[in-house]
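Note sheet for the following structure.
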Amino acid sequence: MSRFESAKELYKAIGVDVDTALKKLAGIRISLHCWQGDDVSGFENRSALSGGIAATGNYPGKARNPDELMADIDQALQLIPGKHKLNLHASYAITDEKVDRDQLKPRHFDQWLQFARERGLGLDFNPTLFSHPKAADGLTLSHPDREIRRFWIEHCKASRKIAAYFGKELGSVALNNIWIPDGYKDVPADRFTPRQRLQESLDEIFSEKLDEKYIADSVESKVFGIGVESYTVGSHEFYLNYAARNHVLCLLDNGHYHPTETVSDKIPSMLLFYERLALHVTRPVRWDSDHVVLFDDETREIAKEIVRCDALDRVFIGLDFFDASINRISAWVVGMRNMQKALLFALLLPHEKLKALQNEGNFTELMALQEELKLYPAGDVWNHFCETHNVPPMQDWIKVVQGYEKNVLAKRG
């Protein structure tokens with residue numbers, strides 16, 4: 001009997017159908033973020049990163065242009081089982097035109113659309129409201145200057161149309177997510193008016209109704225950032241209420257909360273009141289530091305809550321990290337595979353049995369069983385999943401990345 005068949009028997013004994021779990025896992029599309037490959041540089045070559053965005057490290061081989069970035073994404077996808085989505089920022093437009101962000105059109109992303117179509121990928125999108133002269137003071141949609149607000153409103157409107165275009169062309173709903181860096185370094189004199197301006201800006205952005213078959217709109221909060229340590233306009237409470245009243249999704253990034261808050265605990269509450277939910281899964285180290293996603297406690301808990309709530313078809317799962325201190329392709333592969341491993345781990349749990357123990361008040365057996373399940377052979381099931389999707393199991397993929405680094409990345413100078 002193979003290790004996989006042996007694992008199936010062990011899980012069957014506790015009421016878990018491994019084949020069903022693998023079928024569900026194969027259907028989960030995680031959104032791979034393009035900005036890990038070039039340290040959030042984009043293709044505008046306008047200015048250095050700003051708006052609380054910082055990629056640290058100088059590992060050699062960073063993608064310098066669209067061809068290199070696409071080649072690197074291809075290499076990563078060859079090591080990640082299943083079919084997924086690619087998440088783009090507006091600053092990754094590919095065009096020979098001189099076009100500012102408020103004038104972006106779907107045609108400026110046609111190369112990305114072709115790239116996705118040829119690989120069976122979906123596309124998600126984000127307006128880029130940072131690293132731009134009109135965001136130099138850290139304010140965008142809440143800016144007191146009406147003309148600056150107008151520029152960013154038009155950029156967000158244009159981004160929604162681009163996302164809807166992706167969704168229609170690819171037959172896969174595109175998530176269009178708005179995050180802004182707006183806030184103040186020190187204690188503000190007025191917390192109300194900037195949020196009022198943000199509310200008015202969002203109302204105008206979402207005033208045009210686009211087909212929900214093609215686009216899902218979301219807004220993303222943050223507790224604080226570099227340069228806005230005392231006050232962020234787009235707080236969790238602001239967006240939670242705005243989303244609830246305006247039929248948009250509330251996106252939860254697990255690096256955007258106080259260190260003692262966990263997104264995994266928020267998920268079931270959100271799913272009670274929202275039809276759908278969006279996530280950016282990352283790994284905060286003390287704050288929103290966007291480290292590569294690991295197979296750690298919170299990642300597993302996030303996956304458990306999605307599965308326990310029977311919400312695999314209600315949650316948009318995307319990753320968001322950028323580490324320039326290690327091989328960037330390896331970062332993608334580690335993060336994506338760990339998110340998949342966490343989902344598999346959750347799919348292999350006997351949730352109904354565990355729930356029954358809790359309802360019975362049998363916390364002794366509940367704790368004991370939960371601890372024993374941590375060492376069940378999920379790894380053998382994972383390896384089988386990789387093999388059936390023609391990607392290297394276990395650590396075998398590392399040699400592929402090392403070969404690509406030697407033959408491709410090292411030659412970039």
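The values are calculated or read from the model by the stated rules, or taken from the named source; none is laboratory data. The structure presented is a predicted model; accordingly, all values stated were derived computationally and were not measured. Cβ placement follows ideal geometry from the backbone for every residue including glycine, while neighbour counts extend to all protein chains displayed.
Determine whether Lys185 is surrounded by 20 or more Cβ atoms within 10 Å (Cβ to Cβ), in contact with a Ser or Thr (Cβ under 7 Å, 6 or more places away or on another chain) and among the basic types (Lys, Arg).
Values: surrounded by 20 or more Cβ atoms within 10 Å (Cβ to Cβ): no; in contact with a Ser or Thr (Cβ under 7 Å, 6 or more places away or on another chain): yes; among the basic types (Lys, Arg): yes.
Taking the combined requirement at face value, the residue does not satisfy it.
Determine whether Ile80 is farther than 25 Å from Val391 by Cβ, among the β-branched types (Val, Ile, Thr) and either touching a strand residue (DSSP E or B) at 6+ places or on another chain (Cβ under 7 Å) or not in a helix (DSSP H, G or I) (or both). No: the conditions fail for Ile80. Restricting the stretch 266-288 to residues that are closer than 18 Å to Ile178 by Cβ and either free of Cβ contacts under 8 Å to residues at least 24 places away in the same chain or of a type outside the set (Lys, Arg) (or both) leaves a set whose member that is surrounded by the fewest Cβ atoms within 10 Å (Cβ to Cβ) is Tyr274.
Would you please name the residue that is modelled with the lowest pLDDT, looking only at residues in the stretch 216-239 that are of a type in the set (Asp, Glu) and farther than 17 Å from Asn126 by Cα? Don't jump to the end; show me each part of the working.
Just the residues of the stretch 216-239 that are of a type in the set (Asp, Glu), to begin with: 217, 220, 229, 237.
Then drop every residue that is not farther than 17 Å from Asn126 by Cα, which leaves 229, 237.
On the way: Glu229: 93, Glu237: 97.
Per the criteria, the residue is Glu229.
Looking at Lys213, Lys168, Lys157, just one residue is at pLDDT 95 or above, under 23 Å from the mean Cα position of the chain (by Cα), closer than 22 Å to Gly42 by Cα and not hydroxyl-bearing (Ser, Thr, Tyr), and that residue is Lys157. Of all residues in the stretch 366-413, those satisfying the criterion of being in contact with a Lys or Arg (Cβ under 9 Å, 6 or more places away or on another chain), part of a helix (DSSP H, G or I) and under 25 Å from Arg3 (Cα atoms) are Leu369, Ala378, Gly379, Asp380, Val381, Trp382, Asn383, His384, Cys386, Trp397.
Taking (1) touching a Gly at 6+ places or on another chain (Cβ under 8 Å); (2) among the basic types (Lys, Arg); (3) modelled with pLDDT under 95 in turn, Arg328 satisfies each apart from (3). All of (1) buried (at least 18 other Cβ atoms within 10 Å of the Cβ); (2) at pLDDT below 95 hold for Asn176 with one exception: (2). Scanning the stretch 180-201 for residues that are outside any loop (DSSP other than H, G, I, E, B), over 23 Å from Lys134 (Cβ atoms) and not aromatic (Phe, Trp, Tyr) yields nothing. The set of residues in the stretch 216-230 that are over 20 Å from the mean Cα position of the chain (by Cα) and crowded, with 18+ Cβ neighbours inside 10 Å contains only Val228. The number of residues in the stretch 170-187 that are farther than 19 Å from His256 by Cβ and free of Cβ contacts under 8 Å to residues at least 60 places away in the same chain comes to 6.
Condition (residue is closer than 28 Å to Ala243 by Cα and either in contact with a Lys or Arg (Cβ under 7 Å, 6 or more places away or on another chain) or buried (at least 18 other Cβ atoms within 10 Å of the Cβ) (or both)) applied to the stretch 357-365: is it met by at least one residue?
No - not one qualifying residue is present in the stretch 357-365.
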